[in-house]
């Protein structure tokens, strides 16, 4: 998943290159068995080669795949894990994943925020404003080998051991059980009808007036 990277490419051009590849990773219906087998357990290379992720909570797979693309192109980046405290709708801690990266002048973060919306913002990621943050962990991009799972990259034998050591308030079992509770082919069909196949890129950049024409576009328009 390499692209031609030059010193002249800015953050939005790098983002467009990333999304060209991650848009090929289709958000599809997974059976409950597939959720058990694959959720959080694949490497960037596995995700890209397989070409699918679950339509629910795909931010981990999409962010990890994006990190793998930047790794292959030697672009400085950081894999960010944010742990949220419980909310009314989700009475357990959850995780969200964001990718910080740099061009030759600026810092950005890429956020597969919700449904088909992908946000590119300037600066450093400081967490969501609408959900209380338990902690943020940053992993240097050079440590995220695309051929290894996240747990392997962080020096753990299993995902469960990684979570137990680093995320005391988070339960992978509760997250998976909630996914199964919400999971159905009917919900996927509704999701697919409402949001389609293409990502919608939304930029929130300051002091970059030349980028404003790209403020909100689907990849088909770029």
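Derivation of every value follows stated rules applied to the coordinates shown; laboratory data play no part. Fair warning: this is a prediction, and the values are worked out from it, not measured in the lab. FYI the Cβ positions are ideal-geometry reconstructions off the backbone, even for glycines, and counts take in every protein chain you see.
Percent of alpha carbon pairs in the range 14-54 separated by more than 15 Å?
Roughly 44 percent, once rounded to a whole number.
Starting from the Cα of residue 102, step 7 Å along the direction of its Cβ; do the same at residue 126; then give the gap between the two resulting points in nm.
If labels sit at residue 102 and residue 126, their model points lie 2.0 nm apart.
As an exercise, find the ratio Rg/Rh for the range 128-196 from alpha-carbon atoms, using the Kirkwood inverse-distance average for Rh.
Details: Rg = 16.1 Å, Rh = 15.1 Å.
With Rg and the Kirkwood Rh in hand, the quotient comes to 1.07.
What's the extension gain from residue 168 to residue 13 if we count 0.36 nm per residue and subtract their Cα-Cα distance? Intermediate values should be presented prior to the final figure.
Working: separation 155, 0.36 × 155 = 55.80 nm, distance 3.79 nm.
Net length gain for the segment: 52.0 nm.
Average projected area of the Cα convex hull of the range 42-122, in nm²?
Values: hull surface 24.3 nm².
Projected over every direction and averaged, the Cα hull of the range 42-122 covers 6.1 nm².
May I ask for the angle, rounded to the nearest 10°, between helix 172-182 and the longest principal axis of the chain, with both axes built from Cα atoms and the value confined to 0 to 90°?
For helix 172-182, the angle is close to 90 degrees.
Order the peptides 33-45, 68-80 from the highest to the lowest mean number of other Cβ atoms within 10 Å of their residues.
Numbers: 33-45: 17.3, 68-80: 20.6.
For the peptides 33-45, 68-80, the packing ranking is 68-80, 33-45.
Taking a spot 7 Å from the Cα of residue 192 along the direction of its beta carbon, which residues of the range 35-68 have an amide N less than 12 Å from it?
Under 12 Å, as judged by backbone N against the label point of residue 192, lie 55 of the range 35-68.
Between residue 145 and residue 88, how high is the FRET efficiency from 1/(1 + (r/R0)^6) when r is the Cβ-Cβ distance and R₀ = 45 Å? Nearest 0.05. Spell out each step's value before the answer.
Numbers: r = 38 Å, r/R0 = 0.85.
After rounding to 0.05, the efficiency reads 0.70.
Of the listed peptides 98-104, 141-147, what is their order by residue-averaged count of other C-beta atoms within 10 Å, with the highest listed first? Mind dumping the intermediate values first?
On the way: 98-104: 20.0, 141-147: 16.3.
Answer by packing, highest mean first, reads 98-104, 141-147.
Say we join alpha carbon atoms closer than 10 Å with springs in a Gaussian network model of the chain; which of 63, 15, 87 then has the biggest fluctuation?
Looking only at 63, 15, 87, the biggest GNM fluctuation is shown by 87.
Using the Kirkwood radius built from alpha carbon pairs, what does the Stokes-Einstein equation give as D for the range 82-183 at 4 °C and 1.567 mPa s, in µm² per second?
Here the translational diffusion coefficient equals 84 µm²/s.
Cα-Cα pairs above 33 Å in the chain: how many percent?
Working: 2893 of 24531 pairs.
Tail of the P(r) past 33 Å holds 12 percent of the pairs.
Can you say what percent of the DSSP beta bridges in the range 11-218, counting only those with both residues inside, are antiparallel? Round to 5.
Working: 28 of 37 bridges.
Taking every DSSP beta bridge with both residues in the range 11-218, the antiparallel ones total about 75 percent.
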